[in-house]
1. Please work out if residue 231 is within 25 Å of residue 333 (Cα to Cα), in contact with a Ser or Thr (Cβ under 7 Å, 6 or more places away or on another chain) and at pLDDT below 95.
2. Determine whether the range 149-167 contains at least one residue that is under 19 Å from the mean Cα position of the chain (by Cα), within 26 Å of residue 31 (Cβ to Cβ), outside the structural domain of residue 245 (by TED's automatic domain parsing) and of a type in the set (Phe, Trp, Tyr).
3. Residues 131, 109: which one is assigned by TED's automatic domain parsing to the domain that holds residue 66, more than 24 Å from the chain's Cα centre (by Cα) and over 14 Å from residue 159 (Cβ atoms)?
4. Can you tell me which residue within the range 264-288, out of those that are of a type in the set (Lys, Arg) and farther than 18 Å from residue 253 by Cβ, is surrounded by the most Cβ atoms within 10 Å (Cβ to Cβ)?
5. Across the range 219-263, what is the number of residues that are over 20 Å from residue 338 (Cβ atoms) and either β-branched (Val, Ile, Thr) or in a strand (DSSP E or B) (or both)?
6. If only one of 100, 77 is acidic (Asp, Glu) and in contact (Cβ under 8 Å) with a residue 40 or more places away in the chain, which one is it?
7. Just the residues that are more than 16 Å from ligand 1 (Cβ to nearest atom), within 30 Å of residue 288 (Cβ to Cβ) and touching a residue at least 60 places away in the same chain (Cβ under 8 Å), please, taken from the range 299-331.
8. For the range 292-366, list the strands (runs of 3 or more DSSP E) that sit wholly inside it and hold at least 3 residues that are modelled with pLDDT under 95 and not assigned by TED's automatic domain parsing to the domain that holds residue 94; which are they?
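The values are calculated or read from the model by the stated rules, or taken from the named source; none is laboratory data. Computed from a prediction, not measured in an experiment: that's the story for all the values here. Glycine gets a Cβ as well: all are built from the backbone with ideal geometry, and neighbour counts include every protein chain shown.
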Amino acid sequence: MKILRFAAVIVILLAATVQVSAYNISEDWRWKVSSFGKAAKRGDPIKVSWQILPDTLKNREYTSNNINAFLESKFKEKFVDMCRFMFGRISAVSGLDCVELVTPKNAKQKADIRIIGRDLNGMNACSDMPQKGGTLIQMSTVIGAKWDHGGWINVTMHEMAHSVGLAHDRIFESPSSKDPQLNASIVALCNGGGPQFDDIYALQRLYGDKYERNGGNDTLKTATDLGNITSASKSLGSDIADSLLVKPNTSDFIGIDGANDVDFFKFHLSSKSIVSLSVTPKGPSYEFILEGEKDRIKFDAIKQSDLFFEIYDSLGTRLFHVNRQGMGKAETLSIDLAAGDYFVKVAGSKDNNQMYRLDVSAMMIP
Ligand SMILES: [Ca+2]
Ligand SMILES: [Ca+2]
Ligand SMILES: [Ca+2]
Ligand SMILES: [Zn+2]
């Protein structure tokens, strides 16, 4: 992990507005335009492409790129696998869909996120924040020659996080806090781990949860379908834990990403039932320091926005409005419903990202 200490360098100055939240992101550092289209508002999903830029393609003012030649002599396959893993994880846990640009040999097309290698004059690695025209992740093939594969993974994953809009903060009581010099929580446990809680939280604030893709679930008509509900509880958001640590095989993370997000879910009852619903704010609490600041800030992920939910029938008539509890507390409801289709709407009170878990189950009434 020591290598990361020196890798915490980004090209764009972090002088923009800093937010008091347990991550360091800004509206200005979001992918708003890519080769696939536009994301008008914060919380909108977007697709971006990435590639390890062929050595024959130069980029911007940099005349050299030797990443492929360098990797051939080191661990090319493993490196490509790691890039796929990391961008795959970002895509699995947020509305940002990162797809690999695969081009025929000698093609000149460039991806939105491009990884190159060159001599960085003493710097280990750096990345731009998201910007129109593409983002460059630059790895030093001179210093990198001394690293093992683990070192490369750490540094590259960290820069990848920058390339999608995450900046530095420093978290306490977290796996990354073992190294007090590690002034970057992004992708804390990089050794094969991928994005951690605060990374995912930030990614969803910028690009929404994965259900915001393909038109999203902000309306009754586009509700996320939960299918037929039985006595076996159906849950969404089941991977959001009380810990900052996120395992690489988990992807069930949802949230109300701010004032312009509501989440609609549709469910079906095949017979008259007692239906139990709950919406529970989820996530850990911890302390962090923003880059360049001194004061610790307390962050409680379950107290970011007071959630409520509503039930609608198949015609869109509101049947119940449930908001008995305040910030940080679960809302629950148990009701008799006839067979048919229903909708649940989840929303929050503040323009903050509030991750939550939704549980729905039904007991048939004989
Ligand atoms: Ca959402
Ligand atoms: Ca939504
Ligand atoms: Ca509430
Ligand atoms: Zn960095």
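1. On the way: within 25 Å of residue 333 (Cα to Cα): yes; in contact with a Ser or Thr (Cβ under 7 Å, 6 or more places away or on another chain): yes; at pLDDT below 95: yes.
For residue 231, the condition - within 25 Å of residue 333 (Cα to Cα), in contact with a Ser or Thr (Cβ under 7 Å, 6 or more places away or on another chain) and at pLDDT below 95 - is met.
2. No; the residues of the range 149-167 include none that is under 19 Å from the mean Cα position of the chain (by Cα), within 26 Å of residue 31 (Cβ to Cβ), outside the structural domain of residue 245 (by TED's automatic domain parsing) and of a type in the set (Phe, Trp, Tyr).
3. Details: 131 fails: more than 24 Å from the chain's Cα centre (by Cα).
The match here is 109.
4. Kept after step one, since they are of a type in the set (Lys, Arg), are these residues of the range 264-288: 266, 272, 282.
From what's left, farther than 18 Å from residue 253 by Cβ: 266, 272.
Values: 266: 19, 272: 14.
Ranking the qualifying residues of the range 264-288, first place goes to 266.
5. Filtering the range 219-263 for residues over 20 Å from residue 338 (Cβ atoms) gives 219, 221-222, 224, 232-233, 235-263.
Add one more test, that the residue is either β-branched (Val, Ile, Thr) or in a strand (DSSP E or B) (or both), and what stays is 219, 222, 224, 235-236, 240, 246, 250, 254-256, 262-263.
Qualifying residue count, the range 219-263: 13.
6. Details: 77 fails: in contact (Cβ under 8 Å) with a residue 40 or more places away in the chain.
Going through 100, 77 in turn, just one is acidic (Asp, Glu) and in contact (Cβ under 8 Å) with a residue 40 or more places away in the chain: 100.
7. 299
8. Correct list: 297-300.
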